[in-house]
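Step one of this worksheet: look at the structure below.
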Amino acid sequence: MRLILLGPPGAGKGTQATRLADKLKIPQLSTGDMLRAAVKAGTPVGMQAKAVMDGGGLVSDAIVVGIIADRIQEADAKSGFILDGFPRTVAQAAALDEILAKMNMRLDAIVELRVDEKALLGRIQKRADETVKAGGAVRADDNPKAFKVRLDAYHEMTAPVSAYYAGKGTLKTVDGMQPIEVVSTAIDGVLNG
Ligand code: ADP
């Protein structure tokens, strides 16, 4: 199964992608996680991406497409994968189509989590509070100022990605405002339906 989870920042893509990855025994490929790992490791990509990410902007298409092209060719992705945070621009979606076509692969489903945007900042703040309580480090972009930039980037660059897949007839939508378990069940429903 090759899946994409779409939705604004804080919609719960990461949470649901993790659950699906466990259930389906396929890897969760989060470009955000991969970029944060690159920042932490101080790689050239990480050094280039850090300031953009901290401010809430989008890293260049070339960088993330390169990361994903390499990653989906690894052995563990042969039987499927869940993309979380990619594609975030129509150019990334088109590049993904090309990469998959070359590999003779196709996507099985694109699932969009629909959420009430007024709730998103609260969710991000809750994640930051819980991280502090657990003794972890809060993401540099989980603050109101960077969040506003992330949401603007979503509207401008990522919302058109939903239209791109809707135009191909492959987009499914799920109400992301429900409790985690209920959202998971709804995703199972659209995947099996
Ligand atoms: P969220 O979905 O909560 O906004 P992510 O962890 O998916 O967070 O991404 C964090 C940051 O990493 C983004 O704000 C952006 O700077 C960068 N990033 C992640 N994926 C992409 C992508 N596909 N294209 C461009 N930038 C990306």
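The values are calculated or read from the model by the stated rules, or taken from the named source; none is laboratory data. As the structure is a prediction and not an experimental result, all values here were calculated from the model. Cβ coordinates were reconstructed from backbone atoms using ideal geometry, including for glycine residues, and neighbour counts include every protein chain displayed.
Laid out as a table, the results:
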| quantity | calculated |
| --- | --- |
| Filter pass, LYS102 being farther than 22 Å from ALA146 by Cα, surrounded by fewer than 20 Cβ atoms within 10 Å (Cβ to Cβ) and over 14 Å from the mean Cα position of the chain (by Cα) | yes |
| Odd one out for ILE26, checked against (1) part of a helix (DSSP H, G or I); (2) in contact with a Phe, Trp or Tyr (Cβ under 6 Å, 6 or more places away or on another chain) | (1) |
| Residue match in segment 68-79 (condition: hydroxyl-bearing (Ser, Thr, Tyr), in a loop (DSSP other than H, G, I, E, B), in contact (Cβ under 8 Å) with a residue 24 or more places away in the chain and loosely packed, with under 15 Cβ neighbours inside 10 Å) | yes |
| Extreme residue, farthest from LYS40 (Cα to Cα), among residues of segment 128-146 that are in contact (Cβ under 8 Å) with a residue 24 or more places away in the chain and surrounded by fewer than 19 Cβ atoms within 10 Å (Cβ to Cβ) | LYS145 |
| Residue ranges of helices (runs of 4 or more DSSP H) in segment 103-193 with at least 2 members among the aromatic types (Phe, Trp, Tyr) and touching a strand residue (DSSP E or B) at 6+ places or on another chain (Cβ under 9 Å) | 159-168 |
| Candidates ALA41, ALA95, ALA37, filtered to the one that is away from the ligand (no atom under 13 Å from the Cβ) and among the hydrophobic types (A, V, I, L, M, F, W, C) | ALA41 |
| Residue within segment 153-162 that is closer than 20 Å to ASP61 by Cβ, at pLDDT 95 or above and in contact with a helix residue (DSSP H, G or I) (Cβ under 7 Å, 6 or more places away or on another chain) present | yes |
| Considering residues of segment 21-67 that are in contact with a helix residue (DSSP H, G or I) (Cβ under 7 Å, 6 or more places away or on another chain), of a type in the set (A, V, I, L, M, F, W, C) and farther than 18 Å from PRO87 by Cβ only, the residue surrounded by the fewest Cβ atoms within 10 Å (Cβ to Cβ) | VAL39 |
